[in-house]
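One structure is given here, and the rest of the page talks about it.
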Amino acid sequence: GSYVNGFMPDFDQKRQPGPLFFDGMQFIPIPAGLPGTGYNYCSPTAHTNTMGYLANHGFPALMPGGAAQAWGSQSNYERVTDALQEMGVRMQTDPDDGTLCCGQSGLIEYLDVHAPGKFTVSGQVASELYAPSLGDLAFCAIAGGFVHIMVGWYENTGINEWDKAGGHVTTMVALEGWCG
């Protein structure tokens with residue numbers, strides 16, 4: 001099987017603040033950047049990729065600017081940074097620790113503000129004897145869903161004790177070689 005979405009934006013989560021400029025009232029960095037330069041903004045970035053896609057496919061209110069855009073253009077850098085910042089605030093993303101508690105609820109809140117009643121958010125989570133398969137991911141994507149893959153890295157802290165030592169979230173844009 002094969003699934004490919006070639007129209008998904010791929011925003012860079014690392015956004016360093018630019019030099020300070022005086023706007024007549026205060027000094028502000030231009031471009032604004034993200035807290036912690038966005039190093040731990042993978043979850044807001046993965047989900048904002050999807051907002052950019054949806055903005056270009058019938059839901060323009062999901063991104064600043066309100067119309068279909070060439071999101072990779074330098075002229076949209078600040079708009080994308082604003083969307084990443086808002087998604088990060090709603091997901092309670094910490095510049096040092098990332099998105100620990102509120103990724104899904106933050107995404108729901110973002111969608112409820114910008115496109116109320118238009119989207120449903122659901123998730124599958126690995127547990128002791130279950131993990132979503134490639135077939136599960138493909139089914140969700142082919143059925144019209146947007147898939148964000150989350151992985152965690154764990155370290156052994158004792159007998160049968162594991163603590164999360166990091167993780168990453170990405171937007172699924174392709175899946176090759178799976179069998180349903």
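Quick look at the numbers
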read-out: Selection count, region 31-52, where residues are open to solvent by 40 Å² or more (accessible area, probe 1.4 Å) and of a type in the set (Phe, Trp, Tyr); value: 1
read-out: Any chance SER122 is open to solvent by 60 Å² or more (accessible area, probe 1.4 Å) and assigned to a loop (DSSP other than H, G, I, E, B); value: yes
read-out: Count - residues of region 154-171 that are surrounded by 10 or more Cβ atoms within 10 Å (Cβ to Cβ), over 14 Å from GLY123 (Cα atoms) and of a type in the set (A, V, I, L, M, F, W, C); value: 2
read-out: Members of region 53-94 found to be under 17 Å from TYR39 (Cα atoms) and open to solvent by less than 40 Å² (accessible area, probe 1.4 Å), listed by number; value: VAL80, THR81, ALA83, LEU84, MET87, GLY88, MET91, THR93
read-out: Any chance GLU155 is out of contact with any Pro (no Cβ under 7 Å at 6 or more places or on another chain), modelled with pLDDT of 95 or more and over 20 Å from GLY6 (Cα atoms); value: no
read-out: Region 117-141 residues that are under 29 Å from ALA61 (Cβ atoms), paired with ones that are in a loop (DSSP other than H, G, I, E, B) and open to solvent by 90 Å² or more (accessible area, probe 1.4 Å) (beta carbon under 8 Å, 6 or more apart); value: PHE139/GLY180
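The values are calculated or read from the model by the stated rules, or taken from the named source; none is laboratory data. Values in this document were obtained by computation on a predicted structure and should not be read as measured data. Every residue, glycine as well, gets a Cβ built from its backbone with ideal geometry; the counts of neighbours run over all protein chains shown. To get the accessible areas, we keep the full protein, side chains included, count just its heavy atoms, and leave off ligands, DNA and RNA. Shrake-Rupley method; radii C 1.70, N 1.55, O 1.52, S 1.80 Å.
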